[in-house]
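Engineer: Submitted below is the structure of interest, expressed as structure tokens.
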Amino acid sequence: MTTSPLTYARAFAHTTALSLLMSYAAGASAAGPTAATDWNTIARTDYKFAIGTFRTQHAGVAAADLSVIEPLATAERAGLAEAAAVRTEQDYLRLMQRFISAFGDPHTGINLHLQTRGWTGLVLDQVGGAYRVVWSEPNWPNALPPAGAIAQTCDGVWTGTFLEAQVAPFTSRSVEYATTFSALARQAMFENGLGWTPKACVFTLPDGSRKRYALPLQAVPAQVGKERIDTVRANFRAVAKPVGVTPLASGKYWIGMPDFDGARSGAAYEALYPKLAALAGPDWIVFDLRGNGGGNSNWGKRALVALYGQAYADHLEQAGASGKYLVASPASVERLKRQIGLPEFADSRESSKADLVKVEAAMRAGKTLALVDGEADSQALTPPTWPRPHGPRIAAVIDRTCFSSCMAFLLYLRAAGDTVVLGEPTVGYSPFGEITALDLPSGHGRLGFPTAWFKSTQGTREPFDPDVPYTGNMVDDAALMKWVNATLDGLPRQHL
């Protein structure tokens, strides 16, 4: 099962690696603004192109998935009128980003060349139900509230309402997820061209008093360097330890899996597998999946092969999804042909060749979907489990940015039946993958959409919740690892 996420924006606390061959973000270069730019014509042309492309090529349309067909229908009814009203670049950016974000799935994305253009000097986060200042930049040109202050209102409304109205419509994090408002708060004080930062907020200070602070933007990079922005954001972005084996405690080993990107980490994974196979009688293997936005889930599966053997790893993979379908279209054919030729996908080359044959056969038969793996008529509501034949028990650490193939790998792990998942909830599961990318007609961006649908017992946009939630800082390796070790030690003996 091979999937890959789209990074449609370098959103705070949601940074993922581009893993597929057709990274839509590597497409057309940003079109330089000119005085004569006709944003109205551009908006109407690009919007119609996006709707038409999704209508004919998006896997969710072919699969009649509610999470895709409903926002697409809404875009067709209301979005074209909004496109007709576009006058400025910001109008255009908001139109296109709102269209994409309505699908609530990072697999459906757009690269509009958004970059951080300004910063208020603050970072907010949702902590204990309140929106607290978790970073207040020192030596800022204007007065800022201190860390720990609570943002009560922004631009005259409760901060949660502000985030829902001004930020949520332009991100793929749907409001039903447990970590969404935390993620929205972390992004809200950074301006990226969408005009979502507040002009002023009222804060409750640590002494209990309230004070209104104006929040003018400092321009990036003219007044604040990009390097400084990156440094600040790194304090709030959890990333797994590097690919490798780290002893956690006696009989426990911590396995870093920050991504499933062959181009970035393939060599490290190749070095990992013999180390896993050589471990002498471990009791626990802890897979650290923080920040893993996907790539090729086979990198994770091969770790299971090293620990338990090929046959058992195959059983776990098959339990994760009952069928894989590809949209029967020229776009799927082109993607598969390119993937077959890329070295980072060499381990899945033969399966890609087999998929290509089935897609071409489905096209000749006039079908819209091609079953390339699994069972066509499975109606299972509960995934099968395969008890471990031998070897260590599995634990997995997840966070809000585990997505795509990270989720697929998590399905494999849970199929073992006694896997313990720790950390924080993910965003919703996406049954889609195999991303195709197309330049917008104007050249002002690149559209990305999935051409594969994975039939699974996990509901579309259903989050993965940890068995044991962690309320600490997911970025702090030492504290997290200490907690995981103590948690595993504290499990009832009958679960070991």
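Engineer: One residue is enough: does the range 285-304 have a residue meeting the conditions of a type in the set (S, T, N, Q) and free of Cβ contacts under 8 Å to residues at least 12 places away in the same chain? Step through it out loud before you land on a result.
Structural biologist: Within the range 285-304, the subset of a type in the set (S, T, N, Q) is 292, 296-298.
If we keep only those that are free of Cβ contacts under 8 Å to residues at least 12 places away in the same chain too, we end up with none.
No, the conditions are met nowhere in the range 285-304.
Engineer: I'm told residue 402 meets every condition in (1) within 19 Å of the chain's Cα centre (by Cα); (2) at pLDDT below 90; (3) not hydroxyl-bearing (Ser, Thr, Tyr) except one. Can you identify the failing condition by its number?
Structural biologist: With respect to (1) within 19 Å of the chain's Cα centre (by Cα); (2) at pLDDT below 90; (3) not hydroxyl-bearing (Ser, Thr, Tyr), residue 402 is out only on (2).
Engineer: Output the qualifying pairs, or none if there are none: Cβ atoms under 7 angstrom, residues six or more apart or on different chains, first residue in the range 262-284 and open to solvent by 80 Å² or more (accessible area, probe 1.4 Å), second residue part of a strand (DSSP E or B).
Structural biologist: Listed by first residue and then by second, the contacts come to 275/245; 283/252; 283/393.
Engineer: Right, here's the next one. Among the listed residues 178, 143, identify the single one that is touching a residue at least 40 places away in the same chain (Cβ under 8 Å), under 30 Å from residue 447 (Cα atoms), open to solvent by 30 Å² or more (accessible area, probe 1.4 Å) and among the aliphatic types (A, V, I, L, M). Give the derivation first.
Structural biologist: On the way: 143 fails: under 30 Å from residue 447 (Cα atoms).
The match here is 178.
Engineer: Could you tell me which residue of the range 174-185 is modelled with the highest pLDDT, considering only residues that are part of a loop (DSSP other than H, G, I, E, B) and of a type in the set (Val, Ile, Thr)?
Structural biologist: In the first step, residues of the range 174-185 are kept if they are part of a loop (DSSP other than H, G, I, E, B); the result is 174-179.
Those still in the list that are of a type in the set (Val, Ile, Thr) too: 175, 179.
Values: 175: 86, 179: 93.
Checking each candidate, the answer is 179.
Engineer: Okay, next question. Return only the number of the condition from (1) farther than 30 Å from residue 429 by Cβ; (2) assigned to a strand (DSSP E or B) that residue 147 does not satisfy.
Structural biologist: (2)
Engineer: Something else: Give me the pairs: first residue in the range 450-470 and at positive phi, second residue open to solvent by less than 50 Å² (accessible area, probe 1.4 Å) and among the hydroxyl-bearing types (Ser, Thr, Tyr), beta-carbon distance under 6 Å, and six or more apart or on different chains, which are they?
Structural biologist: Once the first residue is at positive phi and sits in the range 450-470, its partners that are open to solvent by less than 50 Å² (accessible area, probe 1.4 Å) and among the hydroxyl-bearing types (Ser, Thr, Tyr) give 461/67.
Every residue, every condition in (1) in contact with a Leu (Cβ under 7 Å, 6 or more places away or on another chain); (2) at pLDDT 95 or above, yes or no:
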site	(1), (2)
244	yes, yes
263	no, no
268	no, yes
278	no, yes
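Engineer: Now, a different point. Under 19 Å from residue 64 (Cβ atoms), touching a residue at least 40 places away in the same chain (Cβ under 8 Å) and surrounded by fewer than 23 Cβ atoms within 10 Å (Cβ to Cβ) - does that describe any residue in the range 343-358? If you could, list the steps in order and put the result at the bottom.
Structural biologist: Our first condition is that a residue be under 19 Å from residue 64 (Cβ atoms); within the range 343-358, this holds for none.
Within the range 343-358, not a single residue is under 19 Å from residue 64 (Cβ atoms), touching a residue at least 40 places away in the same chain (Cβ under 8 Å) and surrounded by fewer than 23 Cβ atoms within 10 Å (Cβ to Cβ).
Engineer: Give the range 48-106 a look and list any residue that's among the small types (Gly, Ala, Ser), open to solvent by less than 10 Å² (accessible area, probe 1.4 Å) and over 24 Å from the mean Cα position of the chain (by Cα), or say none.
Structural biologist: If the condition is that a residue be among the small types (Gly, Ala, Ser), open to solvent by less than 10 Å² (accessible area, probe 1.4 Å) and over 24 Å from the mean Cα position of the chain (by Cα), then 79, 83 are the ones that fit.
Engineer: Quick test of your reading of the structure: residue 483 fulfils all but one of (1) modelled with pLDDT of 95 or more; (2) open to solvent by less than 30 Å² (accessible area, probe 1.4 Å); (3) aromatic (Phe, Trp, Tyr). Name the failing condition by number.
Structural biologist: Every condition holds for residue 483 apart from (2).
Engineer: Does the range 214-227 contain at least one residue that is more than 20 Å from residue 147 (Cα to Cα), crowded, with 19+ Cβ neighbours inside 10 Å, hydrophobic (A, V, I, L, M, F, W, C) and touching a Ser or Thr at 6+ places or on another chain (Cβ under 9 Å)?
Structural biologist: Step one: list which residues in the range 214-227 are more than 20 Å from residue 147 (Cα to Cα), which gives 219-223, 225-227.
Now drop any that are not crowded, with 19+ Cβ neighbours inside 10 Å, which leaves 220.
Add one more test, that the residue is hydrophobic (A, V, I, L, M, F, W, C), and what stays is 220.
Those still in the list that are touching a Ser or Thr at 6+ places or on another chain (Cβ under 9 Å) too: 220.
Within the range 214-227 (the criterion being more than 20 Å from residue 147 (Cα to Cα), crowded, with 19+ Cβ neighbours inside 10 Å, hydrophobic (A, V, I, L, M, F, W, C) and touching a Ser or Thr at 6+ places or on another chain (Cβ under 9 Å)), the answer is yes, since at least one residue qualifies.
Engineer: With the condition kept exactly as written, say whether any residue in the range 80-89 is closer than 19 Å to residue 331 by Cβ, of a type outside the set (Phe, Trp, Tyr) and either in contact with a helix residue (DSSP H, G or I) (Cβ under 8 Å, 6 or more places away or on another chain) or at pLDDT 95 or above (or both). Reasoning before the result, please.
Structural biologist: From the range 80-89, those closer than 19 Å to residue 331 by Cβ are none; that's our starting set.
Within the range 80-89 (the criterion being closer than 19 Å to residue 331 by Cβ, of a type outside the set (Phe, Trp, Tyr) and either in contact with a helix residue (DSSP H, G or I) (Cβ under 8 Å, 6 or more places away or on another chain) or at pLDDT 95 or above (or both)), the answer is no, since none of the residues qualifies.
Engineer: Now, a different point. Of the residues that make up the range 316-330, is at least one modelled with pLDDT of 95 or more, surrounded by fewer than 18 Cβ atoms within 10 Å (Cβ to Cβ) and not in a helix (DSSP H, G or I)?
Structural biologist: No, that holds for no residue.
Engineer: With respect to residue 416, is the statement that it is among the aliphatic types (A, V, I, L, M) and outside any strand (DSSP E or B) true? Explain how you work it out, then say what you get.
Structural biologist: Values: among the aliphatic types (A, V, I, L, M): yes; outside any strand (DSSP E or B): yes.
Against the criterion (among the aliphatic types (A, V, I, L, M) and outside any strand (DSSP E or B)), residue 416 qualifies.
Engineer: Could you please let me know if residue 447 is modelled with pLDDT of 95 or more, over 19 Å from the mean Cα position of the chain (by Cα) and closer than 30 Å to residue 370 by Cβ? Let's see the steps before the verdict.
Structural biologist: Working: modelled with pLDDT of 95 or more: yes; over 19 Å from the mean Cα position of the chain (by Cα): no; closer than 30 Å to residue 370 by Cβ: yes.
Here the answer is no, as residue 447 does not meet what is asked.
Engineer: When the residues of the range 331-342 are narrowed to those that are open to solvent by 10 Å² or more (accessible area, probe 1.4 Å) and small (Gly, Ala, Ser), which ends up farthest from residue 372 (Cα to Cα)? Break it down into steps so the answer makes sense when it comes.
Structural biologist: In the first step, residues of the range 331-342 are kept if they are open to solvent by 10 Å² or more (accessible area, probe 1.4 Å); the result is 331, 333-334, 337-338, 340-342.
Restricting the remaining residues to those that are small (Gly, Ala, Ser) gives 331, 341.
On the way: 331: 16, 341: 19 Å.
Across the range 331-342, the extreme among qualifying residues is 341.
Engineer: Can you tell me which condition residue 302 does not meet? The list is (1) over 17 Å from residue 107 (Cα atoms); (2) modelled with pLDDT under 90, and all the others hold.
Structural biologist: (2)
Engineer: With respect to the numbered conditions (1) part of a strand (DSSP E or B); (2) over 14 Å from the mean Cα position of the chain (by Cα), which one is the sole condition not fulfilled by residue 433?
Structural biologist: Against the list (1) part of a strand (DSSP E or B); (2) over 14 Å from the mean Cα position of the chain (by Cα), residue 433 comes up short only on (2).
Engineer: Six or more apart or on different chains, Cβ atoms under 6 Å: show the pairs whose first residue is in the range 397-425 and polar (S, T, N, Q) and whose second is open to solvent by 10 Å² or more (accessible area, probe 1.4 Å).
Structural biologist: Within 6 Å, the pairs are 401/14; 401/291.
Engineer: Okay, next question. When you scan the range 150-157, do you find a residue that is out of contact with any Pro (no Cβ under 7 Å at 6 or more places or on another chain) and more than 21 Å from residue 217 (Cα to Cα), even just one? Spell out how you get there, then give the answer.
Structural biologist: Step one: of the range 150-157, the residues out of contact with any Pro (no Cβ under 7 Å at 6 or more places or on another chain) are 150-153, 156-157.
In the following step, the residues that additionally are more than 21 Å from residue 217 (Cα to Cα) were identified as none.
No, because not a single residue in the range 150-157 is out of contact with any Pro (no Cβ under 7 Å at 6 or more places or on another chain) and more than 21 Å from residue 217 (Cα to Cα).
Engineer: Shifting gears a bit: Find the residue count for the range 186-204, including only residues that are touching a strand residue (DSSP E or B) at 6+ places or on another chain (Cβ under 8 Å), in contact (Cβ under 8 Å) with a residue 60 or more places away in the chain and not in a loop (DSSP other than H, G, I, E, B).
Structural biologist: Qualifying residue count for the region: 4.
Engineer: Of the conditions (1) outside any strand (DSSP E or B); (2) open to solvent by less than 10 Å² (accessible area, probe 1.4 Å); (3) modelled with pLDDT under 95, residue 458 satisfies every one except a single condition; which number is it?
Structural biologist: The one condition residue 458 does not meet is (2).
Engineer: Which number in (1) modelled with pLDDT under 95; (2) buried (at least 22 other Cβ atoms within 10 Å of the Cβ); (3) closer than 22 Å to residue 326 by Cβ marks the one condition that residue 366 misses?
Structural biologist: Answer for residue 366: the failing condition is (2).
Engineer: Continuing with this model, one more query. Of the numbered conditions (1) outside any loop (DSSP other than H, G, I, E, B); (2) closer than 30 Å to residue 150 by Cβ, residue 266 satisfies every one except a single condition; which is it?
Structural biologist: So residue 266 meets the others, but not (2).
The values are calculated or read from the model by the stated rules, or taken from the named source; none is laboratory data. Just so you know, these numbers come straight off a predicted model, no measurement behind them. Methodologically, a virtual Cβ is constructed for each residue, glycine included, from the backbone with ideal geometry; neighbour enumeration extends over all protein chains shown. Note: accessible area is taken over every heavy atom of the protein model, side chains too, but ligands, DNA and RNA are not part of it. Shrake-Rupley method; radii C 1.70, N 1.55, O 1.52, S 1.80 Å.
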